[in-house]
Amino acid sequence: MEVKQIKIDFFVTPAIKRFVYVYLLSNEEGCYLIDSGVAGSETIIEKALIESGHQPTELRAIFLTHAHPDHIGTANYFRQKYGAKIYASGGERPWIEDIDLQFRERPIPNFYSLAGQSAIVDCVVKDGDIITLSQDDCVEVVGTAGHSVDGVSYRIGDVIFIGDTVPVAGDIPIFVSVEQTRDSLNRLEKLTAVAIFYPAWDKIYSYDEMKRKIAEARGLINELENVVLGIESEKERSEIVDSVCLLLGKPTWKTNPLFATTVACCMRRK
């Protein structure tokens, strides 16, 4: 199985530039994507396919780690144009198949420009499922919720594609459950015979490098939780978010509505 990392740049707002990594996999049976980037990145992905010696018509499937816009944006395009099957978990399926629902429940800036169109999930996966790609390659589904409600990672042999499961020190932490995020970090750390980790947010990591990243992520979560728990619970949520950002020295985080959800996760533990 060959793996190619594709960087997709995008803007959440004119002032906020982000990026996400999509992974192109190929074997003797065809090509596959881990996540699909934002809407409008179809040409970038098609170019990567051709540069890898393949044609877009060889794309067999898209494995979505979760339903956020920067991961599902081209899924419907590749499904409709080339017949690629879409794999995703049951908990993420509603937001993939109905992006209007996702926008109502998670109205981030520039949502529709990033999310593209709703897409039918052809194959619903769950933790422990095994999907055979070829005689030599099987995909194992590993449940890694926390960043999203029912996020999953995909393991193929000694490599694993982990999406946004691991919060990154220095970047804005986004998760919907403190407990699930910690559980997923523990699970990734305890995986046996995994040599390489492919995240959606950075370079490829060895097992030892990822262990250090997981330790940093735990420290980030602990610091955030301690700061939130140290603030008077009687304050309005917006005031708590402002105070957290001030104490962490991250004033710009309060402009992202998703950080308020992260803070609320910590508040519920009071």
Longest principal axis of the chain (C-alpha) makes with the long axis of helix 42-51 (C-alpha) an angle, in degrees to the nearest 10, of 50 degrees
Heavy-atom accessible area per residue of the chain, all protein chains kept, 1.4 Å probe, expressed in Å², is 45 Å²
Hey, any idea what % of the chain's accessible area is carbon plus sulfur with a 1.4 Å probe?
49 percent
Please report Rg (one decimal) and Dmax (integer) in Å for the Cα set of region 181-242.
15.8, 48
Value at 222 nm in deg cm²/dmol, rounded to 500, when DSSP H runs of n ≥ 4 in the chain each add -39,500 (n - 2.57):
-10500 deg cm²/dmol
Using only Cα atoms, what Kirkwood radius does region 112-270 have, in angstroms?
17.1 Å
Distance cut-off 24 Å, percentage of C-alpha pairs in region 110-204 lying past it:
27 percent
So the number of lysine pairs in region 85-236 with alpha-carbon atoms under 24 angstrom apart, 8 or more residues apart or on different chains, is 7
Normalised convex hull volume, region 145-190, alpha-carbon set, Å³ per residue:
74 Å³
Which entry in [x] 7, 30, 36, 20, 6, 1, 0; [y] 6, 25, 29, 22, 13, 4, 1, 0; [z] 7, 31, 40, 20, 2, 0 is this structure's computed P(r) over Cα pairs in 10 Å bins from 0, in percent?
[x]
Between helix 257-267 and the chain: long-axis angle, C-alpha atoms, 0 to 90°, nearest 10
60 degrees
What angle, in degrees between 0 and 90 and rounded to the nearest 10, separates the Cα long axis of helix 178-190 from the longest principal axis of the Cα atoms of the chain?
50 degrees
Bridge orientation stat for the chain from DSSP, antiparallel percent rounded to 5, came to 65 percent
Per 5 Å bin, what is the whole-percent P(r) computed from every C-alpha pair distance within region 31-126?
3, 16, 27, 25, 16, 9, 4, 1, 0
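The values are calculated or read from the model by the stated rules, or taken from the named source; none is laboratory data. Please read all numbers here as calculations on a predicted model, not as lab measurements. Surface areas here come from the heavy atoms of the whole protein model, side chains and all, with no ligands, DNA or RNA. Shrake-Rupley method; radii C 1.70, N 1.55, O 1.52, S 1.80 Å.
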